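Enquirer: The structure is given below, and queries will be raised subsequently.
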Amino acid sequence: MKFNPQYARLGEILIHEGKITEDQVKEALTKQKNFHLKIGETLKKIGYITEQDLLQALCLQIEYEVVQESELLDLDSNIVKMIPEPFAVENRVIAIRKESDIIVIAMTDPENIVIVDNLKRIIGQPIRSVLIGDSTLTDTLERYYKSIRTSSQVEAAVSNFEFVAVDEDENEITIDSKQEADAPVVKLVNLIITEAIKSGTTDIHIEPLTKTTVVRFRIDGALREVMTPPIGLHTGIVSLVKVMSKLNIAERRLPQDGHISLKTTIKSVDVRVSIVPTVTGEKVVLRLLDKGEFGFSLMTLGFTKNDQTIFRKWLRRPYGITIVSGPTGCGKSTTLHAALKEILNVETNIVTVEDPVEYRLDGITQIETNAKIDLTFGRALRSVLRQDPDIILIGEIRDEETADIAIKFSLTGHLVFTTLHANDAVSTITRLLDIGVPAYLVASSLNLVMAQRLVRLICTHCKADYSPTKVELNDAGISKEEAKKIKFKKGTGCVHCDNTGYSGRTGIFEMLEVTQEIRKLIFEGANQDIIREAALKNNMLTLHQSGLGKVKDGITTINEIIKFTIAEEL
């Protein structure tokens, strides 16, 4: 008898399609009562099928059209908001398009007659139901209703704003404390910061253009435009930020730096403020530092097994110095705090001197420098020695004084961790020498020099095969023969990754172990090329090689590696 999926149970369809076995269905039926889910969702929760497997089976069973993710990338918000957000979220539905006088509704359960009848009453037009996966719907709902909420909030914030012509001496907006809660500018700034925190933003850029202000969020290392308030609000935004960070609101010709401590319903954050004058007005950049619990570990930073073995070996040394180098925002502090978290115990006294303290770790003495009261790195470090430390973390080596103290600590029985701005591991040694540290002290104190970068991860929901161009292969230093052995991947863009093709970041690392041979070369004043050649002979992987390893594993794209490394390292 021919198999007819329309008259079969979902489990039978999945067995017939070769997705699961009878034993797996029996196991799911047993666990279904505990999960309080349908059999398909139970099988997916256990891990026996994917969401796509479930959708294909449902499509065979109930013959509904399945929504293609590419269609969800550019929905009309006027169609989406035909269904109120609370109803859409509770009943797992979203309006996706209009066909003549029919509204097409994507549903996780298009057979639910009660929901369908309610939708007809809410919309007031004929509807047609199509099938959508649960996780895809969740991301789509969040993306579009968040955009709708943000747009309406911006409109509400600026609706009462009046453009007033003023002379150059009176163009600063002063907010009356009694009216602060209702001020459009206050509402807008609160909205910007709240949305930034929700989306995992690390930096907020508020930049004046000729006719408008552009607000961009840096998410996963890349800037994204999120809103464009009227240019008339820009002066008010800058003034409010200055008031909050206790800066001079009357000074618009010089750069200013400050900070704001904020407590929101989501989390507490420390905001570092930078304001610089430009030809179109003052640009504001806000760096958001999470004051919550530190959730990283060496296992989650992107280290390979070999990287972990090397790094952990030097973590256990009783003295010496480990330096992590790279540009701002490459995760240096995160790596070192993860290292401290790993070696933290009651028998060890760990002290840090940082500017600012980015992560709070219980059991560690953390000191934040303050230039206004002359609490510099040098002054703080000289006091640290009287705190009986075993391990010291110095937030950053910025000058000869800090470098000298760090080196001397490492030579007097202390294990020291610090960061430095440099292009790669070998140039970090050169930077120390340029700062003014004698070569014999550098050679004597260094244990490990590690350069790192953060590259974006390919979105797992839209990962697909990809053939790089000749230009890309050439920029990456990959030959045609080598390219044939690599299965290149990239994200095509979907609702899960906001159409970027990326979701999350991971580290790539270049680890230079300071062996006796390397110490001798440093002491003798060898140049970077000679030290690099010796390190490569000792099996050091360059940043470029580390990145290519993640390309070969299908973790990141060739373009990310081209962006952060150079093939000449090979």
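The values are calculated or read from the model by the stated rules, or taken from the named source; none is laboratory data. Quantities reported herein were computed from a predicted structural model and do not represent experimental measurements. As a convention, Cβ positions derive from the backbone with ideal geometry for all residues, glycine included, and neighbour counts pool all protein chains shown. Protein only, heavy atoms only, side chains kept; ligands, DNA and RNA dropped before computing areas. Shrake-Rupley method; radii C 1.70, N 1.55, O 1.52, S 1.80 Å.
Enquirer: Does Leu29 count as open to solvent by 70 Å² or more (accessible area, probe 1.4 Å) and assigned to a helix (DSSP H, G or I)?
Expert: Yes: the conditions hold for Leu29.
Enquirer: Exactly one condition in (1) farther than 20 Å from Asp355 by Cβ; (2) under 27 Å from the mean Cα position of the chain (by Cα); (3) at pLDDT 90 or above is false for Asp257; which is it?
Expert: (1)
Enquirer: Need the failing condition index for Lys490 against (1) under 19 Å from the mean Cα position of the chain (by Cα); (2) open to solvent by 50 Å² or more (accessible area, probe 1.4 Å); (3) within 30 Å of Val437 (Cα to Cα), just the number.
Expert: (3)
Enquirer: Residue pairs, Cβ under 9 Å, 6 or more apart or interchain, first in region 213-233 and within 14 Å of Ala196 (Cβ to Cβ) and part of a loop (DSSP other than H, G, I, E, B), second open to solvent by 20 Å² or more (accessible area, probe 1.4 Å) and polar (S, T, N, Q). List them.
Expert: Asp220/Thr202; Asp220/Thr500; Asp220/Ser503
Enquirer: Going by the conditions given, is Ile260 aliphatic (A, V, I, L, M), part of a strand (DSSP E or B) and either touching a helix residue (DSSP H, G or I) at 6+ places or on another chain (Cβ under 6 Å) or open to solvent by 70 Å² or more (accessible area, probe 1.4 Å) (or both)?
Expert: Yes, satisfied.
Enquirer: While we're on this one: Look at region 396-444 and say how many of its residues are among the charged types (D, E, K, R) and either in a helix (DSSP H, G or I) or more than 33 Å from the chain's Cα centre (by Cα) (or both).
Expert: So the count comes out to 6.
Enquirer: For region 97-117, give me each residue that is open to solvent by less than 10 Å² (accessible area, probe 1.4 Å) and either among the hydrophobic types (A, V, I, L, M, F, W, C) or over 17 Å from Ile132 (Cα atoms) (or both).
Expert: Ile103, Val104, Ile105, Ala106, Met107
Enquirer: Could I ask something else about it? Restricting to region 32-47, count the residues that are closer than 21 Å to Ala8 by Cα, of a type in the set (Lys, Arg) and part of a helix (DSSP H, G or I).
Expert: 1
Enquirer: Would you be able to tell me the number of residues in region 48-90 that are of a type in the set (Asp, Glu) and either open to solvent by less than 50 Å² (accessible area, probe 1.4 Å) or in a loop (DSSP other than H, G, I, E, B) (or both)?
Expert: Residues in region 48-90 being of a type in the set (Asp, Glu) and either open to solvent by less than 50 Å² (accessible area, probe 1.4 Å) or in a loop (DSSP other than H, G, I, E, B) (or both): 5 in total.
Enquirer: Can you pull out every residue in region 91-141 that is of a type in the set (Val, Ile, Thr), part of a helix (DSSP H, G or I) and under 34 Å from the mean Cα position of the chain (by Cα)?
Expert: Within region 91-141, Thr136, Thr138, Thr140 qualify.
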